[in-house]
Structures are given as structure tokens and as C-alpha cells.
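Here is the structure we will look at, set down as C-alpha cells.
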Amino acid sequence: MMTKINNLDARKERYLRDDLPVRLGGLAANLARVKSFSESDANSEAVYLLLEESKYYIEWAGPEMDAREAVSLIDLQRVISGWQLRWDSVWSDIDRRKMLARVTTRWSTEILRKSGLLN
């Protein structure tokens with residue numbers, strides 16, 4: 001079993017202090033880290049926790065988002081949950097792990113673009 005995120009209430013409080021674009025930037029950064037962390041077998045737990053934290057970021061950002069954008073992120077949340085349900089097989093299969101890295105990188109880029117932080 002993977003370790004749970006520590007101090008979830010404190011993380012939520014800190015996360016919600018920022019404006020929505022900054023919060024989306026934090027989500028994008030988490031997803032971008034998945035790619036580099038996925039390159040080492042030893043980072044299974046770190047990637048799992050990045051994905052877990054990303055699910056919370058989506059949940060916490062959703063109420064302030066445009067409905068269509070929120071639904072899009074909920075789809076990502078479901079994808080992440082699916083990976084986590086089969087984590088051992090996803091992580092141990094290098095092709096599935098590379099696919100996870102590609103998908104999270106694509107989402108990271110899209111979320112960062114939509115955040116407006118690049119403007």
C-alpha cells in the first residue's frame with residue numbers, strides 16, 4: 001500500500017490561498033514531474049503520491065472553474081484513479097509507465113496553457 005499524503009488539511013488551506021491560475025499551475029507542475037520521476041524504477045511511491053496530490057488539486061480547483069473545464073479535469077481524475085487501482089502493473093510495465101508519462105505531460109501542457117500563466 002502506498003503512503004498517504006501528510007497534512008492534507010494544511011495542504012488544502014495553502015493551496016486555496018492562491019488564485020485559480022496559480023493553483024492550476026501547481027497542478028500542471030505536479031503532472032510535469034511525473035515524467036521525470038517515471039524514468040527511475042525507484043520512484044514508484046513518489047509518482048503515486050504526485051498523482052494522488054493532483055487528484056486533490058483537481059477537486060479543490062473544480063468549484064471555481066468553468067463547468068466544461070472542470071469536467072475535463074474530472075476526466076483526468078478518473079484516469080489517474082484507474083492507474084492507481086492497477087498501480088503495480090502500470091509501474092512494472094515500462095510501456096505503460098511511458099504512456100503514463102506521455103499522458104501526464106500532455107495534460108500538464110494543456111492545463112498550464114489554460115491557466116493563463118503563460119500570457
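Here are the numbers:
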item: Some residue of the stretch 65-72 being of a type in the set (D, E, K, R) and either touching a residue at least 40 places away in the same chain (Cβ under 8 Å) or surrounded by 16 or more Cβ atoms within 10 Å (Cβ to Cβ) (or both); result: yes
item: Enumeration of residues in the stretch 1-42 that are of a type in the set (Lys, Arg) and over 25 Å from Asp88 (Cα atoms); result: Arg11, Lys12, Arg14, Arg17, Arg23
item: Residue in the stretch 109-117 that is basic (Lys, Arg), surrounded by fewer than 14 Cβ atoms within 10 Å (Cβ to Cβ) and in contact (Cβ under 8 Å) with a residue 24 or more places away in the chain present; result: no
item: Pair list, Cβ < 6 Å and 6+ apart or interchain, from the stretch 2-15 residues that are closer than 24 Å to Arg86 by Cα and of a type outside the set (Phe, Trp, Tyr) to residues that are at pLDDT 85 or above and outside any loop (DSSP other than H, G, I, E, B); result: Met2/Glu45; Met2/Tyr48; Ile5/Glu52; Ile5/Glu53
item: Lone qualifier among Ser108, Ser81 - being within 15 Å of Phe37 (Cα to Cα) and among the hydroxyl-bearing types (Ser, Thr, Tyr); result: Ser108
item: Residues (within 27 Å of Arg97 (Cα to Cα) and of a type in the set (D, E, K, R)) located in the stretch 12-33; result: Arg23, Arg33
item: The stretch 9-39 - residue that is modelled with pLDDT under 95 and among the hydroxyl-bearing types (Ser, Thr, Tyr) and, of those, surrounded by the fewest Cβ atoms within 10 Å (Cβ to Cβ); result: Ser36
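The values are calculated or read from the model by the stated rules, or taken from the named source; none is laboratory data. Computed from a predicted model, the values in this text were never measured in an experiment. Here Cβ is always computed from backbone atoms with ideal geometry, including for glycine, and neighbour counts include all displayed protein chains.
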